[in-house]
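Just below is one structure, and these are the notes that go with it.
Quick note: the coordinates plus some simple rules give every number you see, no bench work behind them. The shown structure was predicted, so the numbers you read here are calculated from the model rather than taken from an experiment. In this analysis, Cβ positions are derived from the backbone assuming ideal geometry, glycine residues included, and neighbour counts consider all displayed protein chains.
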Amino acid sequence: MSDMEYPLVYASWETRAYWEGCGRGEIVLQRCRSCQTVQHKPRAICATCLSSEIDHFVASGRATIYTFTVTHQNQALPFRDHCPYVMAYVTLEEGPRLFTNIVGAEPSTVRIGMAVVADFAPQVRTDGEVFAVPRFRPE
Ligand SMILES: [Zn+2]
């Protein structure tokens with residue numbers, strides 16, 4: 001089966017560092033300088049203490065599956081040609097949870113608590129941007 005073609009990413013000024021990181025094969029997260037909270041999704045301020053002193057850093061790319069579902073029916077493109085596929089929340093080693101695809105595993109073998117690593121699907125674009133969609137696969 002060919003790799004799924006995801007809808008094109010749009011990077012806002014708040015999310016650009018994250019999507020550019022994915023384009024380099026890195027998960028980029030934010031850490032608040034005031035309260036040290038690590039957050040995702042990317043924001044202009046800390047969602048915990050409202051500080052605007054936010055740093056970006058490269059995460060490990062390691063995570064565990066928090067929960068998941070196996071989709072057996074979806075008539076919408078591009079998903080319908082890839083059933084069954086696994087959608088999951090993974091807990092990144094640094095704390096935040098990310099909604100993502102699990103790839104590189106038979107859906108029947110996926111388990112809560114399974115160790116996974118980031119795996120990036122580069123996007124074919126005509127606008128000069130270098131973005132990719134992060135998925136996760138078994139370690
Ligand atoms: Zn904070």
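Using the 2.2 N^0.38 Å rule of thumb for compact globular proteins, work out how region 87-139 stacks up: its C-alpha Rg over that value, please. Walk me through the numbers before you get to the answer.
Numbers: Rg = 12.7 Å, N = 53, 2.2 N^0.38 = 9.9 Å.
Against the empirical 2.2 N^0.38 Å value, I get 1.28 for region 87-139.
Other residues whose C-beta falls under 10 angstrom from the C-beta of S52 contribute a net charge of +1, scoring Lys and Arg +1 and Asp and Glu -1. Cβ crowding within 10 Å ranks Y18, Y66 as Y66, Y18, fewest other Cβ atoms first.
By the scheme Lys and Arg +1, Asp and Glu -1, what is the net charge of all other residues having a beta-carbon under 12 Å from that of F99? Numbers along the way, then the final one.
Details: positive: K41, R97, R135; negative: none.
Local charge sum for F99: +3.
Return the Rg/Rh value of region 32-139, two decimal places, where both radii are evaluated on C-alpha atoms and Rh is the Kirkwood radius. Here the Rg-to-Rh quotient is 1.03.
The charge dipole of region 1-41, taken about its Cα centre with unit charges on the Cβ atoms of Lys, Arg (+1), Asp and Glu (-1) only, comes to about 320 debye.
Could you list S108, S51 in order of exposure, starting from the residue whose Cβ has the fewest other Cβ atoms within 10 Å? Before the final figure, lay out each step's value.
Numbers: S108 9, S51 13.
With the sparsest Cβ surroundings first, the list reads S108, S51.
For the chain, the mean residue ellipticity at 222 nm estimated from helices alone is -1500 deg cm²/dmol, where every DSSP H run of n ≥ 4 contributes -39500 (n - 2.57) and the total is divided by all residues, rounded to the nearest 500.
Which of the peptides 39-45, 95-101 is most tightly packed, and how do the rest follow, judged by the mean count of other Cβ atoms within 10 Å per residue? Don't skip to the end; give the middle numbers.
Working: 39-45: 15.3, 95-101: 17.0.
In decreasing order of mean packing, 39-45, 95-101 become 95-101, 39-45.
With +1 assigned to the C-beta of every Lys and Arg and -1 to the C-beta of every Asp and Glu, and no other charges, what is the dipole magnitude of the chain about the Cα centre in debye, to the nearest 20? List each step's numbers first, then the result.
On the way: 13 positive and 15 negative charges, 63 e Å.
For the chain, the charge dipole is close to 300 debye.
Taking Lys and Arg as +1 and Asp and Glu as -1, the other residues whose beta-carbon sits under 12 Å from that of G23 total 0. In region 1-40, a dipole from Cβ-located charges (positive for Lys and Arg, negative for Asp and Glu) runs towards its positive end, and of G23, Y10, C35 it is C35 whose Cα lies farthest in that direction.
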